[in-house]
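Below is one structure, written out as structure tokens; the observations come after it.
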Amino acid sequence: MSDLRFDPVSGQWTLIAPNRENRPVELLPVEKVSQRSVCPFCSGNESETPAALAIYDSAGRVLPASDCVAEDWTSRVVPNKYASFGPIDARTNGQSPDPLRRGPFTVSSLPGPQELVIPSPRHVSSLSELDDFETNVLWQASQDRIALMQSGGFARHAMLFMNCRSQAGASLAHVHIQLIGSPVVTNSLAGRVQRNRDCLQRENQTLIQSIIAWELAEGHRIISQSENFTVLCPFASRFAYQTWIVPNRSDVAFVDLDSAKRNELGQLCRTMTGQLEAQLNNPPYNMLLRMAPFDQAAEDHWYVEILPRTTRAAGFELGTDVWVNPMPPELAAKQLRCS
């Protein structure tokens, strides 16, 4: 049984998840990870995953989801076989179990939905390898599933992310999006929400709007801009070539994006991962969708973050939470503009 443990010293939550130990590569060093002979995400191997929660064709139509394999699927949504949180049915009569005290610590066994979005029946190892249809449907499926989590009442926040390649935490080479509905709002997330609220009150614009306006005036870290999105390497980048894809408007939540803007976002994410791979010789990377908790979405300015993993956190970073980045974002943006 998984449980959440709150550390009063650091102010951080830790999720103790024994089920994760069963993952094929969970406790192996990265250099010893080998690829499985049968990929459970490829077409023809659908029985290797739990039954699909949703299946999409190339036009984004939702096909009947059952134990039977739907032909010609483009994206499949399946439960995470090695979930960190407990299942939703761990609730009693629809109520969350009360947190417990264990000495100076707070412990909770709150459940949370966890899903995988498989973006292609082909064996693709990066977002950059998807075609136009697969890219569009991937983001449509992700939007649909977040909206469902938001309306379901089981989660307070949705974390959408992609781990690409084993050094970035991927246990399978076939690239996929993970979506976790978290039952808690961490101090880190709450702090981000509060800093945004303070900026709204002080400047009558979101914190991200303020940053984008300044970055555009500076110009040095902007990679590209369209009517709907701005792409940049942020001023205080923690990682070399860290990239943000930010919607220019702050008043449209991710779940409310129309298909044209959603497709543009997907294509930008695919383009940027391709440029980063060309610049850095196919690095491992993480892609994150940064959103506020569901009850703060109206005040939020969400964005997508891509983090190439070219360096590792060491003692200074772990001890202070101050990250050392050897690549100035001004130079990173210049190189990406030219790639």
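The values are calculated or read from the model by the stated rules, or taken from the named source; none is laboratory data. Being a predicted model, the structure only gives us computed values, none of them experimental. So basically every Cβ, Gly included, is an ideal-geometry build from the backbone, and we count neighbours across all protein chains shown.
Kindly evaluate ILE212 against the criterion of being buried (at least 19 other Cβ atoms within 10 Å of the Cβ), β-branched (Val, Ile, Thr) and assigned to a helix (DSSP H, G or I). Taking the combined requirement at face value, the residue satisfies it. In the range 124-178, of all residues being assigned to a helix (DSSP H, G or I) and hydroxyl-bearing (Ser, Thr, Tyr), the one that is surrounded by the fewest Cβ atoms within 10 Å (Cβ to Cβ) corresponds to SER151. If you check ALA83, ALA52 for being assigned to a loop (DSSP other than H, G, I, E, B), modelled with pLDDT of 90 or more, in contact with a strand residue (DSSP E or B) (Cβ under 9 Å, 6 or more places away or on another chain) and surrounded by 14 or more Cβ atoms within 10 Å (Cβ to Cβ), only one passes: ALA52. Only one entry of ILE212, ILE177, ILE146 meets the criterion of being in the same structural domain as LYS334 (by TED's automatic domain parsing) and touching a strand residue (DSSP E or B) at 6+ places or on another chain (Cβ under 8 Å), and that entry is ILE212. Restricting attention to the range 107-117, does a residue exist that is of a type in the set (S, T, N, Q) and not in a loop (DSSP other than H, G, I, E, B)? For the range 107-117, residues of a type in the set (S, T, N, Q) and not in a loop (DSSP other than H, G, I, E, B): present.
Tell me which residues, restricted to the range 198-236, are touching a residue at least 60 places away in the same chain (Cβ under 8 Å) and touching a Ser or Thr at 6+ places or on another chain (Cβ under 9 Å). Of everything in the range 198-236, those that are touching a residue at least 60 places away in the same chain (Cβ under 8 Å) and touching a Ser or Thr at 6+ places or on another chain (Cβ under 9 Å) turn out to be LEU200, THR206, ILE208, GLN209, ARG221, ILE222, ILE223, SER224, LEU232, CYS233, PRO234. If I ask for residues that are at pLDDT below 60, in a loop (DSSP other than H, G, I, E, B) and more than 24 Å from SER120 (Cβ to Cβ), which ones from the range 17-49 would you list? Result: GLU26, LEU27, LEU28, PRO29.
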